[in-house]
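Inspection log for the structure reproduced underneath, given as structure tokens.
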Amino acid sequence: MARQIVHVICFPSLEKLFAEEKQSVTNLPQTKLEEFEDVKEEAIMTTLRSALDFYSTIQADDGHWPGDYGGPMFLLPGLNTVLSKEHQYEICIYLYNHQASNNRDGGWGLHIEGPSTMFGTVLNYVSLRLLGEGAEGGEGAIEKAREWILEHGRMWCHCRMVYLPMSFLYGKKFVGPITPTILS
């Protein structure tokens with residue numbers, strides 16, 4: 001089974017670096033309650049201040065929270081249409097790399113280390129097609145994914161999250177533009 005390997009070089013944690021840069025207060029008191037104790041406004045405010053302080057401390061200057069969230073393969077497909085061409089290209093490379101290194105059978109799992117699933121494979125196959133990859137693209141990777149889908153033709157329960165909204169759009173007679181990708 002393939003595993004993601006992270007090489008750690010002795011750098012201080014992002015939290016420590018940002019805390020030093022921002023000189024933020026990171027030692028607010030913890031609020032502990034007994035099992036049946038009523039929650040008072042003061043406890044809520046202290047907890048919220050601690051949470052805001054912590055997340056403000058680890059937030060980068062440009063507003064994002066850096067860190068590795070590698071793994072869930074099903075979060076990526078929704079980003080396809082709002083990213084630049086350069087980002088879209090990098091997404092394709094990312095998907096192809098995880099298909100080739102972790103799932104030699106041609107599919108994708110829910111997680112980069114997981115076995116191929118119908119849900120993961122269909123999402124990533126459609127993502128690649130919407131990113132402009134042709135039906136024979138990716139040096140055979142698209143074709144391999146399509147073959148995996150056809151060979152494993154079972155449905156996964158979360159597919160209803162796709163078919164239910166599509167049924168709504170069909171009922172409303174929504175028609176999007178007919179592109180070469182749709183025709184293929």
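Need the full-extension length gain, Leu150 to Lys40, defined as separation in residues times 0.36 nm minus the C-alpha distance. One decimal, nm. Present the calculation step by step, with values, prior to reporting the outcome.
Details: separation 110, 0.36 × 110 = 39.60 nm, distance 5.74 nm.
Gain on extension, Leu150 to Lys40, equals 33.9 nm.
Please list the non-local residues whose amide H lies under 5 Å from the amide H of His111, H modeled 1.01 Å from N, same-chain partners needing a gap of 5 or more.
Under 5 Å from the amide H of His111: Met73.
Show me the ranking of peptides 40-49, 109-118, 172-181, 134-143 by mean Cβ neighbours inside 10 Å, starting with the highest. Numbers along the way, then the final one.
Values: 40-49: 11.7, 109-118: 18.5, 172-181: 8.2, 134-143: 14.4.
Most protected by this proxy first, the peptides run 109-118, 134-143, 40-49, 172-181.
So how much slack lies between Leu83 and Lys172, counting 0.36 nm per residue of separation and subtracting their Cα-Cα distance, in nm?
Values: separation 89, 0.36 × 89 = 32.04 nm, distance 2.83 nm.
Length gained between Leu83 and Lys172: 29.2 nm.
Coordinate-derived values only; no laboratory data. Keep in mind the model is a prediction, meaning the values are calculated, not measured. Cβ atoms come from the backbone with ideal geometry, glycine included; neighbour counts cover every protein chain shown.
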